[in-house]
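The structure appears right after this line, and notes come after that.
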Amino acid sequence: MSEEFERIYNVNLGKAWLVPRQKRTNKAINILRKFAKRHGRTEEVKISTDVSEFLWKRGKRHPPRKIQIKLIKNKEGVVTISNIESKKTIPKEKLSKKENKIIDINPELKEEKTSALPEVEESKEDKPSDNNPELKEEK
């Protein structure tokens, strides 16, 4: 019988970019299947919908270069490829390099920077409206 396991791998899908554009994501899926067969020591491989959606998100021509996956092998010898939920970093505001370094050192400055932005409010007088009788006469 086969052993059960859960392992995390980083898979390089760069070779998928060596085939014609229209076949890249298909090739990436084949690379992933081949990787799972080799490391799971089985012929039965299932790809979860999360991984499939991640590969196909940017279309047929532009699959990701690398992917982090979790291989899960059960008692029947079926290997399932699932996606690792990683923490996404919040993109920094477009600031100069010096400002980014300062914010990294002192996070209080980031709060001050965002609170210093002026709030823009539009008054109702500036907007033309259909209820204004002066505008109706001009039409």
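The values are calculated or read from the model by the stated rules, or taken from the named source; none is laboratory data. Remember, predicted model here, so these are calculated numbers, not experimental data. Glycine also receives a Cβ, built like all others from the backbone with ideal geometry; neighbour counts cover every protein chain displayed.
Annotations for the structure displayed:
- Per-region count, the stretch 11-60, residues in a strand (DSSP E or B) and touching a helix residue (DSSP H, G or I) at 6+ places or on another chain (Cβ under 6 Å): 2
- Qualifying residue in the stretch 43-50 (condition: assigned by TED's automatic domain parsing to the domain that holds Asn12, at pLDDT below 95 and surrounded by 12 or more Cβ atoms within 10 Å (Cβ to Cβ)): yes
- Being within 16 Å of Lys70 (Cβ to Cβ) and either surrounded by 17 or more Cβ atoms within 10 Å (Cβ to Cβ) or at pLDDT 95 or above (or both) holds for only one residue in Ala36, Ala16, and it is Ala36.
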